[in-house]
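A short write-up of the structure that comes next.
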Amino acid sequence: MPRWKKENPGKSALGMRGWLNTEKGKLYAEQHKEYMKEYRRKKGKDVREKQRNYYAEARLEALVHYGGNPPKCAICGESRLPCLSLDHINNDGSEHRRQMEKEYGYKLGGNQILMWLRKNNYPSGILQVLCYNCNIVKEMEKRKNSLSQTN
């Protein structure tokens with residue numbers, strides 16, 4: 001559990017659950033539910049579009065940081081943005097995600113990892129930019145090597 005939740009149990013979601021069971025809490029929940037339905041009906045499309053753009057910019061920022069400007073694959077030089085991905089250099093992505101899970105108290109994935117990178121000033125020596133083809137080839141070679149070592 002994150003430190004803030006431990007220090008402020010009454011303000012966290014767990015503390016709110018007790019309040020939501022009171023008469024005032026139930027009334028608030030019903031009113032808020034109606035408000036959010038209307039809000040999503042009116043502005044949902046705009047909010048989703050802004051969110052998509054925000055995460056696209058965050059992805060591009062990470063790709064530029066780790067792959068140069070313009071970003072390109074570290075192995076073959078592919079530079080088309082839809083083809084590029086972030087890859088853990090030392091094949092320790094699952095271990096890295098487990099460390100982040102301990103830090104946050106829940107699993108991070110996709111866009112949340114981009115936000116983690118931004119928050120931590122893009123740590124060096126962890127990631128590189130690879131195109132999806134080179135990323136798959138790297139994974140297949142790793143699996144082939146691990147099979148040959150076990151036999």
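Structure notes:
- Over the chain, Cα pairs under 8 Å with separation of 6+ residues give a relative contact order of 26 percent.
- Environment charge at Lys107 (Cβ cut-off 12 Å; Lys +1, Arg +1, Asp -1, Glu -1): +1
- For the chain, the longest principal axis of the Cα atoms and the long axis of helix 93-104 meet at an angle of about 20 degrees.
- Signed unit charges on C-beta, dipole axis of the chain, positive-most listed residue Gln51, Met16, Pro71: Met16
- Entry note: the chain has Rg to Rh equal to 1.12, where both radii use alpha-carbon atoms and Rh is the Kirkwood radius.
- Within segment 11-65, trypsin sites (Lys or Arg not before Pro) in DSSP loop having at most 16 other beta-carbon neighbours inside 10 Å: Lys11
- Summarising the amide proton neighbourhood of Ile75: residues at separation of 5 or more, or on other chains, whose placed amide H is nearer than 5 Å comprise Cys131.
- Over the chain, dividing the summed -39,500 (n - 2.57) contributions of all DSSP H runs of at least 4 residues by the number of residues returns a 222 nm mean residue ellipticity of -21500 deg cm²/dmol.
- Kirkwood-type hydrodynamic radius, segment 78-151: 13.9 Å, calculated from all non-identical alpha-carbon pairs.
- Pairs exceeding 26 Å between alpha-carbon atoms, taken from Lys107/Lys144; Lys50/Lys107; Lys45/Lys102; Lys42/Lys107: Lys107/Lys144; Lys45/Lys102; Lys42/Lys107.
- Residues of type aspartates and glutamates that Lys72 reaches as a straight line, Cα spacing below 15 Å, ignoring anything fewer than 8 places off in the same chain: Glu61, Asp87
- For segment 58-67, putting each phi into the Karplus relation 6.51 cos²θ - 1.76 cosθ + 1.60 with θ = phi - 60° gives couplings of 5, 5, 4, 4, 5, 4, 5, 4, 8, x Hz, in residue order, rounded to whole numbers and with x for Gly and Pro.
- Each Lys and Arg Cβ is given +1 and each Asp and Glu Cβ -1; about its Cα centre, the chain then shows a dipole of about 620 debye.
Any read-out appearing in this document is the output of simple, stated calculations on the displayed coordinates, not a laboratory observation. Please read all numbers here as calculations on a predicted model, not as lab measurements. No Cβ is skipped: glycine too gets one built from the backbone with ideal geometry, and neighbour counts run over all protein chains shown.
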